[in-house]
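Notes follow the structure.
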Amino acid sequence: MLLRIEIMEKGEGLISRVFRNRRVRIGFFVLPATAYLFVFLILPMISILIFSFWRTERYVLIPDWNVHNYVTIFTQWAYIKFLLKSITMASFVSAICLLYGYPVAYFVAKEGGRYRLILLILTAAPFFTGTLLRITAMQHILGPIGLLNMFLANIGLAPIQVLMYTNLSSSIGFVYLWIPFMILAIYLSLLNFDFELLEVAKIYGAKPFRAFWEITWPLNWVGTVVGLVMVFIPTLADNATPLFLGGMFGKLYGNILFNQFGESGTWAMGSAMGVVLFLVCFAVIAAFGQTINLKRMGYFGG
Amino acid sequence: MRTRAVRGLIWQEIMLVLLYVFLYFPIFYIIYLSCARNSVWPFPPDFTLDWYRRLWIMSDFHVGLGNSILISAGTAVIAMILSMMGAWGLMKYRFRYKGFFISVYLLPMFIAHILIGVSTLMFNRNVLHIQANIYSAIVANATYGISFGFLIILAQLIRYNWQLDEVAAVFGAKPWRSFVEVTLPNIWPALFGAFLVSFILAFNNFDVSFYNLGATPTLPTVTWGTLRHGIEPELYALSSLIIAFVLLTLGVLYFLIRFGWVRIGIPEK
C-alpha cells in the first residue's frame, strides 16, 4: 500500500491529484449513467406528468391546469374498460408464462448439465429477432390466412373462430413474445440455488411437492417476481400484438394510448394515459417488491 | 418412487421440446414463406428467390437499413460506455447508496418502451423544442441499453479478480493504462456482449424509435408502414435476413463460449 502511494505521487498532475479523492473516483464512474438516465428518462417522465394536467387544442399543448384528463380516464367506461382489459390480459399472460416457464427453467438449470448454455440460448434467441417481426410471424400461423386456418380450409374444415382476431390469439402472441424473459429470470435465480437442499428435505421425509413449495419456491421468489414483472409490463403497454392478432375487437390500452399520440394528436390526454400506465406498473412492482425479503433468500449476509 | 421421478423428467423434456417448437415454428415458417412463390398457401413448395431480388432493389428498405444501423451503433456505444463505468464503480468501491444507483440503472427495464417513446417525444417537442431526429432516437434507445449492458457487465465483473488492478498500480501503471492493459483483456467479452445486445435491441426497436424519428425511416418503422397496407412478400425476405443474422451471431457466440475462447457471465459449474 505504501509503495503504491509513493509511486503514484511521482510527477502527478492536477487531474490525478483530484482523482486520489475516493469520492471523486466513485462519482466519476457511477454518475455519468445516473445523470444520463436522469436527463433522458426521468425528466421526460416528469414532463409527461406535468403535461397530463394541461389540455390540447388543435394539436397544441396549452398550460391550463386541470384534472380533466384523469377524470375522463377514470369515469368514462371506454377508458376503464381498456385499462381493465389490459390488466386482465397482462395478469393472464404472466400467469401462463410462469406456469409453463417454471418447469422448463427448472429442468434446464437442474438437468441441463453441459447443455445448459445452448438450451438457454435457444430459448432467448427468438427474442432478439424483434417483437414486430415475431408478431407478424405469429399472425402467419394464427391469422385468417395463416397456416392453421388455410390448412383447415384445404382439408375442408371450418376455420377455428376463437383464433381469428380474438383476445385468445393476442394472448398466445404475448406468451410467444415474453416467455423467454420468464425462463431467463427463473433460470438465473435457480443457478444460484443449492439443489442439495432438496436432498436434505427428502432425507427428512418431505414429499417432492412439499420440498418444492417450502424450499425451491420461496428461495427463488426473486426470480419469479422479476419474471412476472418483465412479462406483465410489456404486455400491459403493447400495441402491436392486439393490432395484428387481436383485430378490431381485441384492442387494448396500448392501442388507445398509441392513437392519442398519432391520429388524434391529443397530447395531454395521452400523457395522462401514460402516467396511469406507469402508476399501474409501479403499483405491481411495489406490491411484488413488498414480498421480497433478500436477507431471508440468502442474498445479503444470510 | 424412482419411476415417478423419471416420468416427471420426461414431462419436463416434452415441455422443453414443445416450447422450442412454439418459439421457432413461426420464425422458420417466415423463412419458408420468403422462398415460396405463393405466400398464402405455399404447398406444395415452389421455391423462388424473387422476393430477395425485389427487396434488393427497394430503396425505402435500404434507407431504413442505413438508419437502423446508425441508430443501433450509436445506442450501443453510449450504452456500453456508460454501463461499463457504472458497473465498474459499483463493483470496485464500497460505499453507501449502492442500492440507489442500481435502481436507477435498472429503472428503464421496468418502464414500458412505449412510455420511453412518448415521454421523450413530448420532452423534446415541448420542453427542448427540438424536432425528432436520429440523434434523439439514439439517446432514447440508449436508456434501456444501459440497463441490459449493466446486467451483462455486472455478471462478468462478479468474477473479476480485483487484485490484478492492485498489482498493476503497484508496478506503477496509471489507471488508464492499467484499464487498457489489464482490465480490458479480461472483461472484453462482457463489453462486447453489452454492445451486441444493445445493438440488436435498438435495431429491432419500434416503440421507442417510432416516436423519436418523425419521418426518418428505420427497418421496423418501414415494416410497420408496409404492414398497415397489407403484407408484401418482400417483408418475408427482410425478416428472414434479420432472423438469419441474429441466429448466426448467437450461434457464433455460443461456440466461442463453449470452446473457452471467451468467458462471459456466470461460470459453468
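What follows draws every value from the coordinates through simple rules; no lab data is involved. All values derive from a computational prediction rather than experimental measurement. Every residue, glycine as well, gets a Cβ built from its backbone with ideal geometry; the counts of neighbours run over all protein chains shown.
Observations on the structure shown:
- Across the range A:181-282, the relative contact order, built from alpha-carbon pairs under 8 Å that are at least six residues apart, equals 24 percent.
- For A:H140, B:H129, B:H113, A:H68, order by how many other beta-carbon atoms lie within 10 Å, fewest first: B:H129, A:H68, A:H140, B:H113
- Sorted from greatest to least, the principal axis extents spanned by the alpha carbons of the range A:106-188 come out as 47, 25, 19 Å.
- One compactness figure for the range B:68-215 is 1.17, namely its Cα radius of gyration divided by 2.2 N^0.38 Å.
- Amide H contacts for A:T266 (H built 1.01 Å from N in the peptide plane; partners 5 or more residues away or on another chain; cut-off under 5 Å): none found.
- Helical contribution to [θ] at 222 nm, DSSP H n ≥ 4, -39,500 (n - 2.57), averaged over chain A, rounded to 500: -21000 deg cm²/dmol
- Hydrodynamic radius of chain A per Kirkwood, over alpha carbon pairs, in Å: 23.3
- Taking A:E214, A:E196, A:E57 as the candidate residues, the one with maximal mean-square fluctuation in a Gaussian network model of chain A, Cα springs under 10 Å, is A:E196.
- Cut-off under 5 Å, modelled amide H: who pairs with B:A36 long-range: B:T48
- Taking chain B as a Gaussian network of alpha-carbon nodes connected by springs under 10 Å, the highest mean-square fluctuation of the residues B:G64, B:G172, B:G89 belongs to B:G172.
- Near the amide H of A:R55, within less than 5 Å, lie the amide hydrogens of A:I62, A:D64, all on another chain or at least 5 residues away, with H placed in the peptide plane.
- Mean separation of Cα contacts under 8 Å, 6 or more apart, over the residue count of chain B: relative contact order %: 31
- For the range B:203-256, the fraction of C-alpha pairs farther apart than 13 angstrom is 66 percent.
- Neighbour-count ranking [beta-carbon atoms within 10 angstrom, fewest first] of B:V222, B:V6, A:V108: B:V6, B:V222, A:V108
- Projected-area average for the range B:1-97 over all orientations - Cα convex hull basis, square nanometres: 14.5
- For the range B:75-121, chymotrypsin sites (Phe, Trp or Tyr not before Pro) meeting the loop criterion (DSSP other than H, G, I, E, B) and having at most 10 other Cβ atoms within 10 Å: B:Y97.
- Shown here for the range B:163-269: chymotrypsin sites (Phe, Trp or Tyr not before Pro) in loop regions (DSSP other than H, G, I, E, B) with at most 10 other Cβ atoms within 10 Å, namely B:F259, B:W261.
- Measuring spread by the Cα atoms of chain B yields a radius of gyration and Dmax of 22.7, 71 Å.
- Using the alpha-carbon positions of the range B:170-236, Rg (one decimal) and Dmax (whole number) come out as 20.5, 66 Å.
- Mean-position separation - Cα centroids, the range A:44-103 and the range B:186-202, in angstrom: 33
- Convex hull volume per residue in cubic angstrom - Cα atoms of the protein assembly as shown: 191
- Among the chymotrypsin sites (Phe, Trp or Tyr not before Pro) in the range A:205-302, those located in a DSSP loop and surrounded by at most 12 other Cβ atoms within 10 Å of their own Cβ are A:Y299, A:F300.
- Kirkwood Rh (inverse of mean 1/r, distinct Cα pairs), the range B:138-269, angstrom: 17.6
- Using the empirical formula 2.2 N^0.38 Å as the baseline, the Cα radius of gyration of the range A:109-157 reaches a ratio of 1.71.
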